[in-house]
1. Scan the stretch 523-577 for residues that are at positive phi and either surrounded by 20 or more Cβ atoms within 10 Å (Cβ to Cβ) or hydroxyl-bearing (Ser, Thr, Tyr) (or both) and report the count.
2. Considering only the stretch 537-566, state which residues are at pLDDT below 80 and closer than 17 Å to Val281 by Cα.
3. With Lys752, Lys701 as the choices, which residue is exposed (fewer than 15 other Cβ atoms within 10 Å of the Cβ), within 30 Å of Cys686 (Cβ to Cβ) and modelled with pLDDT of 65 or more?
4. Among the candidates Thr643, Thr627, Thr649, Thr663, single out the residue that is under 30 Å from Arg790 (Cα atoms) and either among the hydrophobic types (A, V, I, L, M, F, W, C) or modelled with pLDDT of 85 or more (or both).
5. Would you please name the residue that is surrounded by the fewest Cβ atoms within 10 Å (Cβ to Cβ), looking only at residues in the stretch 379-389 that are closer than 16 Å to Arg266 by Cα and in contact (Cβ under 8 Å) with a residue 40 or more places away in the chain?
6. Taking Thr657, is it outside any loop (DSSP other than H, G, I, E, B) and surrounded by fewer than 19 Cβ atoms within 10 Å (Cβ to Cβ)?
7. How many residues does the stretch 324-338 contain that are open to solvent by less than 10 Å² (accessible area, probe 1.4 Å) and of a type outside the set (A, V, I, L, M, F, W, C)?
8. If the requirement is being in a loop (DSSP other than H, G, I, E, B) and at pLDDT 80 or above, which of these qualifies: Ser234, Ser219?
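The values are calculated or read from the model by the stated rules, or taken from the named source; none is laboratory data. Everything numeric in this text was worked out from a predicted model, so none of it was measured. Note that each Cβ is placed from the backbone with ideal geometry, even for glycine, and that neighbours are counted across all protein chains shown. Calculation scope for accessible area: heavy atoms of the full protein, side chains included, ligands and nucleic acids excluded. Shrake-Rupley method; radii C 1.70, N 1.55, O 1.52, S 1.80 Å.
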Amino acid sequence: MPKKGLKKLHAKDALDFFNQVMVEQPLLPFLIPLGLFAWFVERWVVPFSNWVPLAAAVWATIQYGRFKRKMAVEDLNKRWKHLILNTTPTTPIEPCEWLNKLLIEVWPNYMEPKLSKKFQSTVERRLKNRKPKLIEFSLGSCPPTLGEQGMRWMTSGEQQVMSLGFDWHSKEMSVMFMAKLAKPLMGTARIVINSIHIKGDLLLSPILDGEAVLYSFESTPEVRIGVAFGSGGSQTVPGMELPGVSTWLVKLLTETIAKTMVEPRRLCFSLPPVDLKKQAVGGVLSVTVVSASNLGRKSRTIELGNNQSSSGNTTPGIPLNRRAHTFIEVEVGTLTRKTTTCEGPNPTWNSTFNMVLHGETGVVKFLLYELDSDGVKYNYLTSCEIKVKYVLDGSTIFWAIGHNDGVVARHAEHCGKEVGMVVPFEEDITGELTVSLVLKEWQFSDGSVTLSNSLSNEFQCSIDGSPKLQSRTGRKLRVKVVEGRALAVNSKSGKCDPYVKLQYGKALYRTKTLSRTAQPVWNDKFEFDEIGGGEYLKVKCYNLDTFSDDSIGSARVNLEGLLDGASRDVWVPLEKVDSGEIRLEIEAIPNDHNDSLKRSSSKVEAGWIELVIIEARDLVAADLRGTSDPYVRVQYGNKKKRTKVIYKTLAPNWNQTFEFAETGEPMILHVKDHNAVLPTASIGNCTVEYSMLSPNQPADKWIPLQGVRSGEIHVKITRRVANSEKKSSLLTDASALGKGHKISAQMRDSLKKCSGLVDDGGDAEALSLALTEVESVQDEQDLYIQQLEREKALMLQKIHDLGSEIVRTSSGPARTSC
């Protein structure tokens, strides 16, 4: 058996040697036949000397020696590299020109469009509630340079880290904002970022067995930004025209990078094996704060909650006073929740909260506080945080800063899986925090929701199992404010008289006020026109008070992805308070319902809106004497009309009728308090919904006023259409010519009245009423012209039909007389 194995080994060695010689000596196949021919000549024709076989043997020996040395060197190099990678903390610098060459090839057509789209959505989300408006976003055709001086692997604890340089100097960037200028510079300006320079050392850390990579800068990078103002072309002016803008942008970008991706802060790039092609727009996260252990100071002998010791030495790791009372505040965005207070250096809370994520990523912060000995004030001690990210295969990654700036990472393969993490506190406090996290659901832009206890358990899908993408224009959203629970009470009076305001776009509604309850049940329904672009529904809860209402929480609800006919029943946690939730039922009215309304409205001729402003009640007092001088200003698109002023009353009665040509725009009523000298004061506003009304069917309604504590306005609104009854009434009232003369006479009289008031220096109120009268006559004239055009079109249609009938009858066979 040993001889057999030895023969196999020699045969394999000989075969490798022969292959190596064939690679190094490509002419050998031609030399072998030549040698055979020489041997034939030497053997049968002319004999050669005996040194030829000897020379061949020497040559073969030299070649075999070279081959064995080369194999030995390669084996040693492999062993040395393996030893370096696994034992030394830092590997030698390796060149990576190939990486930059590859990046130059794939940047223009793949990476630049993808990164520009991702960064643009992030910037638009950040600027959503601010004044600047993003117009254009392009990173340019120049990619960053990676590892210009080479790259190397480092070992930090048990974590492998790759370090390489990052240098991005692009002069082809084009990021354009439209921003309003503050005083003394009025108007708007286009801010164009046309160049950027970022230089620093980038660190890459693979985690979770290569399923994700954490990336960050080793230190704060060098940042420079080039700014111009104008349209981005030849009309731009240098950034020095508005001093401070470039410096402000550099400071903003540098601070953002330092807070998010400078060691030990890291961002995550996931590498999922499967891509479900879904974009997460929000989620619900259950956070359980279990306990903390070994709380203490790092560098001072001051025991928290106790007086300073007499020694004054600096001994790290001093344990927390056993009588110290601490609690944890959990923060996700503006949503905060507090645990109960526990005593000692190893407190146990076991408090669970439902938190809301807005987007595919989120940061859960845990802030540790200590109560003073008197139990009145509380002091901030330290904090830690856990980051959450949705992965394209439907899973979730959690990661945080570990001991010695290491990494603590967990992976939840599906929603509903509980993940436990032990995270060390930062800053000057030692100790660890134990938490449990459960991602209950992810909400997607296509309307589907990944529920807990299943990897792919989704609802609101189409019949074939794929989610339906819906058009976001022309739909209605019905929102029902059902109830609330655990609402905050007034700290002084101890009572809670809650009501809720809903704002979606410019539409604002308010529920009724319920007295003395922290568990209110409203069951109030409201209807909104759906707005595209990921508009949030803003929920604000107030406690009614005598002088000013107290805010007892607010929240934002993402309405993106609702499908036709689908409803969503959610408990929304209130932000900026310690407790409180509001239950909402949200329903998307099917498109076929709206389409039927549009078809029915298209069958009738273009109509007009008839609005009767009847009265108001419970208006707020705007004057010092406890009354108001109210009037109503109606705004419908670009048209504005107003009622007369009713003096010294909180329950005015107007009974005035207005007509507008229907354009589908919102109708807004502004209730004002008239002042002869001072500017008019607003005492409420509301929006009158009319789009769902049936033609020629009046709707009588009391509408609560928004922006004030009380007040309602009584209106009657009708969507009028041109029918025979209306036409007959118009014909019986006056002829078309007579009505035109009447409108012209009214216009002349109104203009004369305005001219007389201006010449006589009349008061502002009389002049305002006269101008309102001119506007009313002008609107009546517009309606009259539209009516004439409708009648003209109807007459032309009848003439056309009559002509067709005449042609049809005249072309028939002639009748014969009997």
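1. Within the stretch 523-577, residues that are at positive phi and either surrounded by 20 or more Cβ atoms within 10 Å (Cβ to Cβ) or hydroxyl-bearing (Ser, Thr, Tyr) (or both) number 2.
2. Selection gives Asn558, Leu559, Glu560, Gly561, Leu562, Leu563.
3. Lys701
4. Testing whether each residue is under 30 Å from Arg790 (Cα atoms) and either among the hydrophobic types (A, V, I, L, M, F, W, C) or modelled with pLDDT of 85 or more (or both) leaves just Thr643.
5. Selected residue: Lys389.
6. It is true that Thr657 is outside any loop (DSSP other than H, G, I, E, B) and surrounded by fewer than 19 Cβ atoms within 10 Å (Cβ to Cβ).
7. 1
8. Selected residue: Ser219, the only one of Ser234, Ser219 that is in a loop (DSSP other than H, G, I, E, B) and at pLDDT 80 or above.
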